[in-house]
Amino acid sequence: MTWITKLYETYENCGNTVGIDNADGNAPLLPIGHTAQKTQIEITIDEDGTFQSVSIDPPKETKTIIIPCTMESEARSSGNTPHPLFDNLKYLAPDFQDTKKNDGNFFEKYLIQLEDWCESEYSHPKAQAILRYVKKGTIISDLRNAHLLNEKMESSPQNFYVRFNIYEGDVQEGWKDVSLRNRYIAYYLNSVIGKGPQSLCYASGKSLPVSRLSPRSVRRPGDGAYLISGTDESNFTFRGRFATRDEALCLSYDVSQKAHKALKWLIDKQGYKNGDQVFVVWGTKDQPIPAIWDPDDVYANIPADEQLPDTAEGFARRMITALSGYSQSLTPDSSVVVIGLDSTNGAKGRLSITYYQELAGSEFLKRICHWYQTTKWYPIYYVKKNNGEKEGKSIAITGVPTPNDIFFAAYGRETESTKKIKKATVSRIMPCIIEGKPIPYDLVHSSANRAARLILAGKSDKQWETNKTLNIACALIRKYYNDQKNERNDFEHYNEVWKMDLDIMQTDRNYLFGRLLAYARTIEEFSIKSSGNGYRQTNAERMIPRFRQHPAETWEKLYEKLLPYMAKFRTTSPNSLGNRLEADMNAILDLFKIQPDGFSDEALTPIYLLGYQSQLTQFDKERKEAIAKKTARLEAEQITDDDSTNGGN
């Protein structure tokens, strides 16, 4: 019951936002007894219910409005269960029976329900005006006279919803009237729900009018899966353990409504959606929360012309700046909740809670910070934003792979056959982020193997995929093997054995072999480029699968293939980059002597990719620095020449 009480608590804490449209375009937090509905037809009437005008929204400009609903109409998928005020043509048009027969008396039931409200002490002038108009039964003829009635309306009236404007000196949008909403809520709670059965609410501990039906559309409009369902009294839905459904679970109408509406609001506002799978993280007082599946918050406020962090120190500064803004509201006594939802039958059947955690706000922030710090890698590709909009061009930064990134690295692009695998991957990563659990080794292993296969494939047009996979794999490898050296959740004494930057003091054989592979690749690439032969896959890339399994044997063969290139460097350009690379490579070979049997044919662990990629990144950094120095020198020389020319004049 904790998740229900937390959602109920959230709704109560955010009561001042109920029914208010959000500037960001997200759906508002709905009042109880109300639902959101997309409408297409707008009818304007006066206070007496006299027809004024009608219009149809263009297909892409339909309005979603807040409408009153009953417990039954909110949960409806079929049957005759009208909404109290705004509904589709099937309920509002008695003359629709002229165009479609045997459709049931939907209009009569709608009318009886609306009349009961309008005759109660909780009536409202706008509801009475709508009742007067609808009683006339002229909606279809009014549409026809305005030349707006079409075949789709006649064949599928249930797909066309009507909203009403009330002309009271000026046109007022009836669905936005807060007093109308409040009068309906008072009517429904006192005259309908209040007269129903009462029982002990398991969430509040009070005897209150109960809810027998669970609201629909929790994850998205049209979602028919229910979080709470006990309508099937045959078979063994609850029988065998309980005599009645109320013994299994009983919620008051008020608690059920507020909990479900809070969940829908949170999912729409800040949820992560992966098909039918949904995760949402929230503070019970609606505090700002860093997005754990998309760490854009670390970079979101960086101006478009400002450089993004490309070092561990820069990342740390940016992260501390970004996360410190949350620490004011995410205190030790605040509460953060993480919930995961999924269904096995799409938008039908039962909606399961697949993950649930509650944390103190400060503890949550500490764990997110730890995840960012220990999983960071360079480069992770990020699509930079300008005024909140993604520009579409990815750039390299020091960053953290998202759950989607991790799936991509391990399994490639999502296909129909891998949708379930993606769900499972996201579900397995969440405890690593939230609870500090180790990353599953099979994801580390799969990512490392896929990176090696892409390097072997050597397709120049897919180089971005190779680079992205390799870097995500390195982030996972670093995280996994560092966690093996540390106590779980001991954030204060966490020791990073494997660093993001190149560690020239590291003597682990796997790391050293990876560095050697990077040198072999770079030496050959430098030779190919120097000879002007264009792109060609190197021997190091082609031999990577065998190198991983038999490093010493494969290195001997790879070294032999490097000899012609290195001999050429020695004779043609003694001070060339190629000669410096050879000298540094020999220094790495000397490091193997420190550990016995280090230079052996034992298969390598994924750590070799850390050495490989860190060394390649270092080469790229040195190349950029050399270009920058050369550019600065040429600019300085140009300025000197210009000054000399001006002086001569």
| query | Of the residues that make up the stretch 19-29, is at least one touching a residue at least 40 places away in the same chain (Cβ under 8 Å) and not in a loop (DSSP other than H, G, I, E, B)? | reply | yes
| request: Identify the single condition in (1) over 23 Å from ALA316 (Cβ atoms); (2) in a loop (DSSP other than H, G, I, E, B); (3) of a type in the set (Phe, Trp, Tyr) that TRP464 does not satisfy, given that it satisfies every other one. | output: (2)
| message | Take the conditions part of a helix (DSSP H, G or I) and over 18 Å from VAL162 (Cα atoms) and apply them to ASP95. Does it pass? | response | no
| message | Going residue by residue through the stretch 512-535, is there one that turns out to be within 27 Å of CYS474 (Cα to Cα), surrounded by fewer than 17 Cβ atoms within 10 Å (Cβ to Cβ) and at pLDDT below 85? | response | yes
| said: If I ask for residues that are of a type in the set (Ser, Thr, Tyr), farther than 13 Å from TYR411 by Cβ and touching a helix residue (DSSP H, G or I) at 6+ places or on another chain (Cβ under 8 Å), which ones from the stretch 443-470 would you list? | reply: THR466
| request: May I ask you to say which residue of PHE513, PHE526, PHE569, PHE547 is in contact with a Pro (Cβ under 8 Å, 6 or more places away or on another chain) and not hydroxyl-bearing (Ser, Thr, Tyr)? | output: PHE513
| request: Filter the stretch 533-544 down to the residues that are free of Cβ contacts under 8 Å to residues at least 40 places away in the same chain and either part of a helix (DSSP H, G or I) or not assigned by the TED database to the domain that holds ASN586 (or both), then identify the one that is farthest from ALA603 (Cα to Cα). | output: ASN539
| query | Checking ASP296 against (1) of a type in the set (D, E, K, R); (2) at pLDDT 70 or above; (3) closer than 25 Å to PRO431 by Cβ; (4) touching a Lys or Arg at 6+ places or on another chain (Cβ under 9 Å), which single condition isn't satisfied? | reply | (2)
| When you scan the stretch 495-511, how many residues do you find that are in contact with a Lys or Arg (Cβ under 7 Å, 6 or more places away or on another chain), surrounded by 14 or more Cβ atoms within 10 Å (Cβ to Cβ) and of a type outside the set (A, V, I, L, M, F, W, C)? | 0
| Output for the stretch 55-85, where each listed residue is closer than 22 Å to LEU149 by Cα and of a type in the set (D, E, K, R) | ASP57, LYS60, GLU61, LYS63
| request: Mind listing whichever residues of the stretch 481-528 are under 22 Å from ALA409 (Cβ atoms), in contact (Cβ under 8 Å) with a residue 60 or more places away in the chain and not in a loop (DSSP other than H, G, I, E, B)? | output: TYR481, ASN482, ASP483, ASN510, TYR511, PHE513, GLY514, ARG515, LEU517, ALA518, ARG521
| query | Quick one: in the stretch 246-276, which of the residues that are among the aliphatic types (A, V, I, L, M) and assigned to a helix (DSSP H, G or I) is surrounded by the fewest Cβ atoms within 10 Å (Cβ to Cβ)? | reply | ALA248
| said: The conditions are (1) under 19 Å from ILE353 (Cα atoms); (2) surrounded by fewer than 18 Cβ atoms within 10 Å (Cβ to Cβ); (3) among the basic types (Lys, Arg), and ARG216 fails exactly one of them. Which is it? | reply: (2)
| task | Considering (1) surrounded by fewer than 21 Cβ atoms within 10 Å (Cβ to Cβ); (2) assigned by the TED database to the domain that holds GLU313, say which one LEU470 fails and leave the rest. | result | (1)
| message | Being farther than 24 Å from LYS63 by Cβ and either outside the structural domain of GLU74 (by the TED database) or basic (Lys, Arg) (or both): is that true of SER207 here? | response | yes
| query | Among the residues of the stretch 545-558, is there at least one that is hydrophobic (A, V, I, L, M, F, W, C), surrounded by 13 or more Cβ atoms within 10 Å (Cβ to Cβ) and assigned to a loop (DSSP other than H, G, I, E, B)? | reply | no
| message | If I ask for residues that are surrounded by fewer than 21 Cβ atoms within 10 Å (Cβ to Cβ), touching a Lys or Arg at 6+ places or on another chain (Cβ under 6 Å) and over 23 Å from LEU29 (Cα atoms), which ones from the stretch 158-181 would you list? | response | GLN158
| note | THR62 vs (1) touching a Phe, Trp or Tyr at 6+ places or on another chain (Cβ under 8 Å); (2) over 17 Å from LYS261 (Cβ atoms): all pass except (1)
| Would you pick out the residues in the stretch 125-153 that are outside any loop (DSSP other than H, G, I, E, B), under 43 Å from the mean Cα position of the chain (by Cα) and over 21 Å from LEU111 (Cβ atoms)? | GLU151, LYS152
| request: Any residue in the stretch 440-467 that's on the phi > 0 side of the Ramachandran plot and not assigned by the TED database to the domain that holds THR522: show its pairings with residues that are crowded, with 18+ Cβ neighbours inside 10 Å and part of a helix (DSSP H, G or I) at Cβ separation under 7 Å, as long as the two are six or more apart or on different chains. | output: GLY458/GLU541
| message | Looking only at the stretch 30-77, count every residue that is of a type in the set (Gly, Ala, Ser), touching an Asp or Glu at 6+ places or on another chain (Cβ under 9 Å) and not in a loop (DSSP other than H, G, I, E, B) and tell me the total. | response | 3
| query | If you go through the stretch 76-91 one residue at a time, do you hit one that is β-branched (Val, Ile, Thr) and under 23 Å from LYS60 (Cα atoms)? | reply | no
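The values are calculated or read from the model by the stated rules, or taken from the named source; none is laboratory data. Treat the numbers as computed from the prediction; the structure is a model and nothing was measured. Note: ideal-geometry Cβ built from the backbone for every residue, glycine included; neighbour counts use all protein chains shown.
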